[in-house]
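Inspection log for the structure reproduced underneath, given as structure tokens.
The values are calculated or read from the model by the stated rules, or taken from the named source; none is laboratory data. The shown structure was predicted, so the numbers you read here are calculated from the model rather than taken from an experiment. As a convention, Cβ positions derive from the backbone with ideal geometry for all residues, glycine included, and neighbour counts pool all protein chains shown.
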Amino acid sequence: MCEERQVGRGQRSEGRAAGGGPRWWQTSRGHVLGPLAIGLALCALGLWSGLVYQHNEEAFRAKAVPAKAVIDQIYASAPSQNYNAPTFDQYGLVHFEARGRTAHARVLLVAGCSGTCLPTYRVGQVLTVYYSAGNLSHAQLRSPAHQTSAGFLYAVLLFGSIGVVFLVAAVINMVTAPPRKP
């Protein structure tokens, strides 16, 4: 048989708040809406920054011009701490002919060296770089490929994961917060 429970005067039924609406709606909205808004904003920022990065890469690919460049100098970036050891990148300062004049650019030669980089490149070596006619100081060593870059995924994952933490906090606050006093 179905057992019906009587709710006495001044008592609330389970799942209902004093205002008649669901309990989660009557909780302090600031504890829910604040983290919810921050989480959604961070997720949107991650997607936006990833799309801007991808757009810039596609714009560079569309107008990239190959040129023969000569390495003038090789240097390493400052070390950054990785999981098990410091890593650094190796760059080359190059010069090349573009539109009848000599242009200079910094080119990433090797990324993520740990300890030491194997001497793959040397000063005076000729290599092919890809540059943008609108910005001669920006050049890349490798041919611009048509694929989703790691920069896009990094931006989306970085901001998106922080945004998800705030969204989870909003849900936890919504479920566990005591009801608002009328």
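Take GLY151 and decide whether it is modelled with pLDDT of 80 or more, under 18 Å from ALA44 (Cα atoms) and touching a helix residue (DSSP H, G or I) at 6+ places or on another chain (Cβ under 9 Å). It is false that GLY151 is modelled with pLDDT of 80 or more, under 18 Å from ALA44 (Cα atoms) and touching a helix residue (DSSP H, G or I) at 6+ places or on another chain (Cβ under 9 Å). Within segment 51-62, does at least one residue satisfy the condition of being touching a strand residue (DSSP E or B) at 6+ places or on another chain (Cβ under 9 Å) and in a strand (DSSP E or B)? No, segment 51-62 has no match at all.
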